[in-house]
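The values are calculated or read from the model by the stated rules, or taken from the named source; none is laboratory data. Predicted model, so just to flag it, every value in this text is computed and none were measured. Every residue, glycine among them, receives a Cβ derived from its backbone with ideal geometry; neighbour counts consider all protein chains shown. Areas reflect the complete protein model, heavy atoms only, side chains present, ligands, DNA and RNA absent. Shrake-Rupley method; radii C 1.70, N 1.55, O 1.52, S 1.80 Å.
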Amino acid sequence: MTVHQAPPGTSSEAAHAPEPLPPFPFPGSSYRGPAPAYARLRAERPVVRVETAGGGHAWLVTRHADVRAVLEDPRFSRAAMYAPGAPRFSGLFQAPPGMIVSLDPPDHTRLRALASQAFSPERIEGMRPRVRELAGGLLRDLEPEAERGGAVDLVARFAAPLAMAVICELLGVPGEDRGRFHTWVRRFADLSAPEEQAVEARESLGAYIASLVAAKRAAPADDVLSALATARLGEDRLSQEELIGLGYTLLGAGFDSSAGQIANFTLTLLAHHPELWRRLGGHPAEVPAAVEELLRTVNLNADDTSGLPRLATGDVAVGGTLIPAGDAVFVSFASANRDEAVFADPGHLTPSRTDNPHLAFGHGIHRCLGAPLARLELSVALEELTRRFPGARLAVPAAEVPWRTGDVNHNPLTLPVELRRSTS
């Protein structure tokens with residue numbers, strides 16, 4: 001019998017000890033995928049206790065099935081994260097208390113039921129012609145520069161104004177106020193900025209949304225904020241504070257995330273899959289499936305998580321690991337979307353993938369309310385871009401694209417693109 005001994009100067013326990021992890025969030029994340037450490041964790045330690053960069057410890061869940069289990073289990077509470085004595089994690093985004101994303105049932109159930117009335121499939125699909133009109137108008141304005149062969153910044157000239165126009169029309173915000181909205185939302189989303197800047201932006205947004213809500217209640221129009229303001233469950237309706245909170249949520253998800261993903265998808269296709277860009281230009285029916293695969297593979301969250309921790313309100317076993325009551329838990333959507341047990345060849349973008357249960361919009365009771373609108377907006381943006389400019393190409397190497405620092409999301413600061421009609 002052969003006896004395998006540990007190297008000199010080590011013990012057998014040390015030789016088999018897991019590799020130490022850097023503080024969470026891990027370095028190495030990008031729009032192309034989560035940090036490399038996640039693949040090792042999925043294989044070896046799918047539920048692991050981590051030290052956070054801002055201090056304190058939490059559990060991190062990385063496999064698809066385990067992430068879904070956490071999101072479905074009411075013992076993992078978002079509301080409890082706001083209680084006195086709950087763990088706090090500086091440098092990681094935490095939604096303000098009282099917002100729909102911060103609530104548990106039954107408060108969340110009531111708010112979701114009221115809010116869902118304004119997001120009927122018919123209402124969202126009815127926005128498609130207008131979204132296409134907005135996208136087409138922005139791209140027509142870029143045609144003179146395309147004819148000259150010059151580069152344009154697709155963040156400033158297309159992604160951001162399209163996302164802002166859609167969310168403002170959704171809320172019924174007058175066109176003349178969109179510039180102020182853009183400034184407030186950007187300041188609110190910048191985690192690296194001084195706290196007083198975020199507070200000032202949040203207060204300005206709150207005051208404006210409050211005035212907008214009052215106007216919609218007095219004279220409802222054909223927009224989602226009016227529908228929210230007039231939604232009823234029997235005698236119950238949304239309060240002023242709840243409407244303001246929903247306005248915040250829609251602005252964050254509907255503007256910042258949508259603008260970021262339009263830019264990220266464009267960068268991904270032009271830099272790494274130019275043949276797919278050209279194909280989509282001639283086959284628009286394939287765009288929706290490509291959007292689903294881009295949602296799975298393109299990493300939006302800068303910290304590779306849902307960004308919102310949950311608190312275990314009891315001892316709960318996840319993936320064979322016991323998480324004690326009172327501990328915080330993060331789930332990684334980006335890692336779950338690369339799980340080898342669920343997705344064949346998960347690191348490869350496969351636009352024809354038919355079975356695609358990605359978690360880009362979350363799962364369970366907190367699944368993104370605006371997912372149908374996001375899908376519509378991303379599909380229309382790609383359809384119009386690839387159809388009008390099948391020969392588009394990056395004007396700088398992908399490695400030179402500048403990124404916003406300190407943001408909740410991976411958002412390019414600028415995206416210089418040469419908009420070409422010809423593919424030659």
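I'd like the FRET efficiency for residue 204 and residue 90, computed as 1/(1 + (r/R0)^6) with the beta carbon distance as r and R0 of 25 Å, rounded to 0.05. Please report the intermediate quantities before stating the final value.
Values: r = 24 Å, r/R0 = 0.95.
About 0.55, to the nearest 0.05.
How large a share of the accessible area of the range 57-134, in percent, is made up of carbon and sulfur atoms when the probe is 1.4 Å and the other protein chains stay in place? Display every interim value, and only then the final one.
Numbers: 2210 of 3760 Å².
Carbon with sulfur: 59 percent of the solvent-accessible area.
Report the gain in length on full extension from residue 57 to residue 237: 0.36 nm times residue separation, minus Cα-Cα distance, nm rounded to one decimal. Write out the running numbers ahead of the final one.
Details: separation 180, 0.36 × 180 = 64.80 nm, distance 3.94 nm.
Full extension from residue 57 to residue 237 adds 60.9 nm.
Evaluate the charge dipole of the chain about its Cα centre and quote only its size in Debye, nearest 20, assuming +1 on the Cβ of each Lys and Arg and -1 on the Cβ of each Asp and Glu.
On the way: 42 positive and 50 negative charges, 107 e Å.
The calculation lands at about 520 debye.
Percent of accessible area on the range 238-327 owned by carbon and sulfur, 1.4 Å probe? Numbers along the way, then the final one.
On the way: 1550 of 2710 Å².
The C+S portion of the solvent-accessible surface of the range 238-327 is 57 percent.
Kindly report the accessible area of the chain per residue (heavy atoms of protein chains, probe 1.4 Å, no ligands, DNA or RNA), in Å².
On the way: 18640 Å² over 424 residues.
On a per-residue basis, 44 Å².
At 222 nm, what value in deg cm²/dmol follows for the chain if DSSP H runs of at least 4 each add -39500 (n - 2.57) and the sum is divided by all its residues, to the nearest 500?
Values: 16 runs with 182 residues, N = 424.
The helix-only estimate for the chain comes to -13000 deg cm²/dmol at 222 nm.
Quick check: net charge around residue 76, other residues with Cβ under 13 Å of its Cβ, Lys/Arg +1 and Asp/Glu -1? Don't skip to the end; give the middle numbers.
Values: positive: 68, 75, 78, 310; negative: 66, 72, 73, 104, 315, 327.
In short, -2.
How far, in nm, would the chain grow between residue 356 and residue 398 when pulled straight, counting 0.36 nm per residue and subtracting the alpha carbon separation? Display every interim value, and only then the final one.
Numbers: separation 42, 0.36 × 42 = 15.12 nm, distance 2.72 nm.
Taking 0.36 nm per residue and subtracting the Cα distance, the gain is 12.4 nm.
Once you put a point 7 Å from the Cα of residue 422 and another 7 Å from the Cα of residue 275, both along the Cβ direction, what distance in nm separates them?
Each label point is offset 7 Å from its Cα along the Cβ direction, giving 2.3 nm.
What does the extension gain come out to for residue 107 and residue 218, with contour length at 0.36 nm per residue minus their alpha carbon separation? Don't skip to the answer; put the middle values down first.
Details: separation 111, 0.36 × 111 = 39.96 nm, distance 2.63 nm.
Roughly 37.3 nm would be gained on extension.
For the range 277-424, with only Lys/Arg (+1) and Asp/Glu (-1) charged at the beta-carbon, what is the dipole magnitude about the Cα centre, in debye rounded to 20? All intermediate terms of the calculation are to be shown ahead of the outcome.
Working: 14 positive and 17 negative charges, 138 e Å.
Magnitude of the dipole: close to 660 debye.
According to a simple spin-label model (label point 7 Å from Cα along Cα-to-Cβ), what is the distance in nm between residue 44 and residue 211?
5.7 nm
What distance in nm lies between label points placed 7 Å from Cα along the C-beta direction at residue 176 and residue 197?
The answer from the label model is 2.9 nm.
Please give the FRET efficiency for residue 317 paired with residue 19, using the beta carbon to beta carbon distance and R0 = 25 Å, rounded to the nearest 0.05.
Rounded to the nearest 0.05, the efficiency is 0.55.
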